[in-house]
1. Sequence neighbours fewer than 8 away in the same chain don't count; with that in mind, list the lysines whose C-alpha is under 30 Å from Lys144.
2. Say we join alpha carbon atoms closer than 10 Å with springs in a Gaussian network model of the chain; which of Ile248, Ile47, Ile104 then has the biggest fluctuation?
3. Can you tell me the orientation of helix 230-255 relative to the chain, as the angle in degrees between its alpha-carbon axis and the longest Cα principal axis, to the nearest 10?
4. Under a cut-off of 19 Å between alpha-carbon atoms, report the aspartates and glutamates in cross-link reach of Lys219, not counting same-chain residues fewer than 8 places apart.
5. Quick one: angle between helix 124-144 and the longest Cα principal axis of the chain, in degrees between 0 and 90, rounded to 10, please.
6. Mind checking the full-extension length gain between Lys219 and Leu234? Use 0.36 nm per residue of separation minus the Cα-Cα distance, one decimal, nm.
7. Please give the contour-minus-distance gain from Ser120 to Ile64: 0.36 nm per residue of separation, less the Cα-Cα distance, rounded to one decimal in nm.
8. Per DSSP H run of n ≥ 4, the term is -39500 (n - 2.57); total these for the chain, divide by its residue number, and report the mean residue ellipticity at 222 nm rounded to 500 deg cm²/dmol.
Amino acid sequence: MNFFQAIILGIVQALTEYLPVSSSAHIRIFGDLMLGSDPGAAFTAIIQIGTELAVILYFRHDIINILTHWFGCLFGRNGKDWKARMGRGDEYATLGWNIIVGSIPIVILGFTLQDVIETSLRNLWITVTVLLVFGVLLWVVDAKARQNKTMDDMTYRDAFLFGLGQSMALIPGVSRSGGTITVGRALGYTREAAVRLSFLMAIPAVFGSGLLETVKAVKNYKTDAMFPGWGPTLVAMVISFVLGYIVIIGFLKFVSTFSYKAFAIYRIGLAVVVALLLIVGVLPAIDPSVAAAS
């Protein structure tokens, strides 16, 4: 991987991380097209940190309020009974508990299915299938679902279902935001509420796992043949951070006015293109590095 290719992948990461189109699928596809292989664990983990830092910066006020109210309630600021400690009557503390509940599925499934996720599920035919299926699902659900719930209406049940939608993103091609947004719209949340909840729920799971992967990948980067060096990697991370922040602003404005139809059509079109590239042999169904490891 050279400097220019690293920058391109940083741009791809920023443009696709927050949209319901699957950043992992795009990184895999562009990696194979440009490099003939996966971009490598170290590089991918580090540029993902860039996009997650953009989320933290954008939602910094919400994050500060959630943390201060959650800890305040937990330590008895609003009362000593267990309901008060669990955030009764405090919307930010309640949202904090909902985020915790929503993080449970992806943590459990991520650890228990790690080997399958990193091998069998990385087949591009699986990616094509879920791009298509979840594209149609997002289109239908968004068109037919009601819009009468806001972030304040979230229950533990809804939070857990959001978490199940988020955990589907462990399959490359589903899209973390696509899974949570589809579940949110099916539950009757407004488009903007579904997006904001998707972003907030992703922070502990994605940023936490990203830091762990980065630490692990950095320790092994010298044996990673695809690692382009620290210069290109850090530049790509900065690009994914800056451009990612702009994408967040644009995406939230877009969904406050328009439906998710355009993203659904894009997913379906991408699935068709990737399937054709697989059929003619331009893309391998199994990444060479994964095939060699297995």
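1. List returned: Lys253, Lys261.
2. The residue with the greatest mean-square fluctuation here is Ile104.
3. The angle comes out near 50 degrees.
4. The qualifying aspartates and glutamates are Asp38, Glu118.
5. The helix 124-144 is inclined about 40 degrees to the chain.
6. Numbers: separation 15, 0.36 × 15 = 5.40 nm, distance 1.61 nm.
3.8 nm is the gain from fully extending Lys219 to Leu234.
7. On the way: separation 56, 0.36 × 56 = 20.16 nm, distance 3.92 nm.
Roughly 16.2 nm would be gained on extension.
8. Working: 15 runs with 210 residues, N = 294.
After summing the helix terms and dividing by residue count, I get -23000 deg cm²/dmol.
The values are calculated or read from the model by the stated rules, or taken from the named source; none is laboratory data. Model, not experiment: these values are computed from the prediction. Counting neighbours? That spans all protein chains shown, and the Cβs are built from the backbone with ideal geometry, glycine included. The accessibility values were calculated without ligands, DNA or RNA, using every heavy atom of the protein model including side chains. Shrake-Rupley method; radii C 1.70, N 1.55, O 1.52, S 1.80 Å.
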